[in-house]
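The values are calculated or read from the model by the stated rules, or taken from the named source; none is laboratory data. Just so it is clear, the model here is predicted, and its values are computed rather than measured. Methodologically, a virtual Cβ is constructed for each residue, glycine included, from the backbone with ideal geometry; neighbour enumeration extends over all protein chains shown. Only protein heavy atoms, including side chains, enter the accessible area calculation; ligands, DNA and RNA are left aside. Shrake-Rupley method; radii C 1.70, N 1.55, O 1.52, S 1.80 Å.
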Amino acid sequence: MERKNAWKKYSDEDKNNVFTFADEYKTFISECKTERECVKKAVELAKKAGYRDLQEIIAANETLKAGDKVYAVNMKKAIVLFNIGSEPISTGMNILGAHIDSPRLDIKQNPMYEDSDLVLLDTHYYGGIKKYQWVTLPLALHGVIAKNDGTIVDVCIGEDENDPVVGISDLLIHLSADQLDKKAAKVIEGENLDVTLGNMPLFGEEKDAVKANVLKLLKEKYDFEEEDFMSAEIEIVPAGKARDLGLDRSMVAGYGHDDRICAYTSLLALLETESSKKTSVVLLVDKEEVGSIGATGMQSRFFENAVAELMDRVGEYSELKLRRALANSKMLSSDVTAAFDPNYAGAYEKKNSAFFGKGLAFAKYTGARGKSGCNDANAEFVAWLRNVMDENDVAYQMAELGKVDQGGGGTIAYILAEYGMEVIDCGVALQNMHAPWEVASKVDIYETMRGYKAFLMAE
Ligand code: MN
Ligand code: MN
């Protein structure tokens with residue numbers, strides 16, 4: 001079952017569209033490196049496309065009808081957007097769900113210390129990372145400081161060309177005889193991912209003078225006291241913008257493709273959808289990389305509550321109708337998968353791998369060790385999707401993440417499936433997944449957006 005390389009089907013004009021869309025996407029992931037930044041940008045784009053805040057509509061006791069567009073934000077870290085269709089919501093929605101958290105380093109609550117005239121920040125990594133990939137890179141600080149007087153201070157250091165960056169040291173090769181004998185998982189240990197912040201003492205200070213100097217700078221710029229680390233959420237991420245990869249510029253190297261690549265394509269697919277029969281939904285959630293737990297993860301009741309509020313506004317709410325709406329829905333769990341990599345061919349089973357250039361990748365099931373933890377999409381639903389994709393000339397492929405018993409992974413799919421709706425995993429294939437710089441094919445990004453659009457319009 002050979003799937004065609006999607007580049008081959010394009011006219012010059014199509015190719016221009018692919019490159020333009022990739023440029024817009026690069027801007028998005030270069031600017032949005034935390035879940036909070038993604039939500040802020042999503043709200044901005046949604047408002048421009050005529051979406052209104054569901055909370056404001058509830059507060060004003062307004063009603064909603066087919067064709068109305070609304071969004072609801074959850075604790076600044078997750079968002080759901082609805083484009084109300086002409087059919088009752090209880091007949092089911094077409095839902096695209098992606099996550100906007102990405103692997104990174106979080107700073108601890110008591111992180112700052114001075115040693116040997118260096119000031120460092122202690123971190124605890126977030127999500128599954130190969131720790132050795134995060135050293136000797138320019139890193140940036142993104143996040144918020146919540147001060148105890150109620151003010152929230154946004155922090156972003158390391159992205160402007162004139163900004164300083166921070167970084168994590170590694171041992172020089174000349175002294176690495178012991179280190180290089182260790183297993184890769186132990187070469188860099190979690191407690192060695194401390195970030196270097198400074199080396200210059202504050203004049204006139206005796207003890208911890210370098211730390212005093214850095215704290216003085218933070219005080220001047222952010223009115224920041226050391227105690228404010230207790231209520232800060234600062235994420236350490238790779239510094240710098242996403243870039244074209246390849247002499248032919250066919251790919252994008254960027255931080256956080258997993259899963260902002262599916263979040264952005266889902267969001268744009270929705271914002272460009274005008275009227276549809278089914279209510280179209282995009283759900284962008286937090287905490288997928290650590291099990292979808294908590295109030296901002298997929299396991300929270302936020303989505304279900306937002307659907308209930310929406311149905312109430314269109315005069316359609318009852319507990320039974322809410323359950324019907326969820327059970328009758330169809331969902332694409334929009335998340336990345338692994339692209340075949342000739343450097344590591346042995347980790348893949350080639351017939352069932354996703355490849356760069358072959359479009360939106362569907363995974364009937366994910367999971368590990370006999371598909372444990374997977375969502376297994378029904379054959380009937382897959383057939384329905386094949387039809388939708390074929391009718392809209394979307395390039396797509398069926399893929400499994402790696403060869404049997406090599407590892408595996410999960411997504412938010414199984415959580416939505418608990419409502420009894422049809423769910424399948426699908427998204428963009430990546431190389432270097434979870435590395436500081438992940439790689440995707442531009443044509444896959446574009447075809448994924450087209451596939452998501454076709455799905456939202458499908459009946
Ligand atoms: Mn993911
Ligand atoms: Mn992931």
Quote the relative contact order of the stretch 43-88 in percent (integer), defining contacts as alpha-carbon pairs under 8 Å separated by 6+ residues. 33
Taking the square root of 5 times each eigenvalue of the Cα gyration tensor, what semi-axes in Å does the equivalent ellipsoid of the stretch 146-185 have, largest first? 38, 16, 8
Please give the solvent-accessible surface of residue 230 in Å², to the nearest 10, using a probe radius of 1.4 Å with every protein chain present. 130
Stokes-Einstein at 4 °C, 1.567 mPa s, Kirkwood radius from Cα pairs: D for the chain in µm² s⁻¹? 56
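Using a Förster distance of 22 Å, how high is the FRET efficiency between residue 345 and residue 133, based on the Cβ-Cβ distance and rounded to 0.05? If you can, show how the numbers build up before the last one.
On the way: r = 21 Å, r/R0 = 0.94.
With a Förster radius of 22 Å, E is 0.60.
Work out the length of the dipole vector of the chain about its Cα centre, built from +1 on the beta-carbon of each Lys and Arg and -1 on the beta-carbon of each Asp and Glu, and round it to the nearest 20 debye.
Numbers: 54 positive and 75 negative charges, 340 e Å.
The calculated dipole for the chain is roughly 1640 debye.
Given the -39500 (n - 2.57) contribution per DSSP H run of 4+ residues, what per-residue ellipticity at 222 nm results for the chain, rounded to the nearest 500 deg cm²/dmol? Walk me through the numbers before you get to the answer.
On the way: 11 runs with 128 residues, N = 459.
Computed ellipticity for the chain at 222 nm equals -8500 deg cm²/dmol.
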I'd like the accessible area for residue 437: 1.4 Å probe, protein heavy atoms, all chains in place, Å² to the nearest 10. 80
Once the Cα atoms of helix 302-313 and of the chain are each reduced to a long axis, what angle between those two axes, in degrees from 0 to 90 to the nearest 10, is obtained? 40
Net charge near residue 437 (other residues with Cβ under 14 Å of its Cβ; Lys, Arg +1; Asp, Glu -1) is +4
May I ask you to rank 374, 32 by accessible area, largest first, using a 1.4 Å probe over the protein chains only? 374, 32
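Report the charge-dipole magnitude of the stretch 310-459 in Debye, nearest 20, computed about the Cα centre from +1 at each Lys and Arg Cβ and -1 at each Asp and Glu Cβ.
Rounded to the nearest 20 debye, it is 100 debye.
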Any idea what the relative contact order of the chain is, in percent, if you count C-alpha pairs under 8 Å spaced at least 6 apart? 22
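Give me the 1.4 Å probe accessible area per residue for the chain, excluding ligands and nucleic acids, in Å². Can you show the working numbers first?
On the way: 21390 Å² over 459 residues.
Averaged over the residues of the chain, the accessible area is 47 Å².
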What percentage of the solvent-accessible surface of the chain, computed with a 1.4 Å probe over protein heavy atoms, is contributed by carbon and sulfur atoms? 50
Ordering 434, 99 by how much accessible area each has at a 1.4 Å probe, largest first, what is the list? 434, 99
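What number, in nm² with one decimal, is the all-direction average of the projected area of the convex hull of the alpha-carbon atoms of the stretch 108-154? Walk me through the numbers before you get to the answer.
Values: hull surface 20.1 nm².
Averaged projected hull area, Cα only: 5.0 nm².
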Debye log10 I(q)/I(0) for the stretch 1-106, one point scatterer per Cα, at q = 0.22 Å⁻¹: -1.18
Solvent accessible area, Å² - residue 10, 1.4 Å probe, full protein context: 30
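For an R0 of 25 angstrom, estimate the FRET efficiency from the Cβ-Cβ distance between residue 290 and residue 386 and round to the nearest 0.05. Kindly include the intermediate steps, with their values, before the conclusion.
Details: r = 33 Å, r/R0 = 1.34.
The value I calculate is 0.15.
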Which order do you get for 221, 131 if you rank them by accessible area with a 1.4 Å probe, largest at the top? 221, 131
For labels at residue 170 and residue 110 in the simple 7 Å Cα→Cβ model, what's the distance in nm? 3.2
Selection from 359, 407, 381 lying farthest towards where the dipole of the stretch 327-423 points positive, charges on Cβ: 407
Note the full-extension length gain between residue 16 and residue 61 as 0.36 nm times their separation in residues minus their Cα-Cα distance, in nm to one decimal. 11.7 nm
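Could you give the length gained on full extension between residue 233 and residue 9, defined as 0.36 nm per residue of separation minus the Cα-Cα distance, in nm? Please report the intermediate quantities before stating the final value.
Details: separation 224, 0.36 × 224 = 80.64 nm, distance 4.54 nm.
Gain in length upon complete extension: 76.1 nm.
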Nearest 5 is fine: what % of DSSP beta bridges in the chain come out antiparallel, could you say? 70
Extend 7 Å from the Cα of residue 200 along its Cα-to-C-beta direction; within the stretch 215-251, residues with backbone N under 11 Å of that point are 217
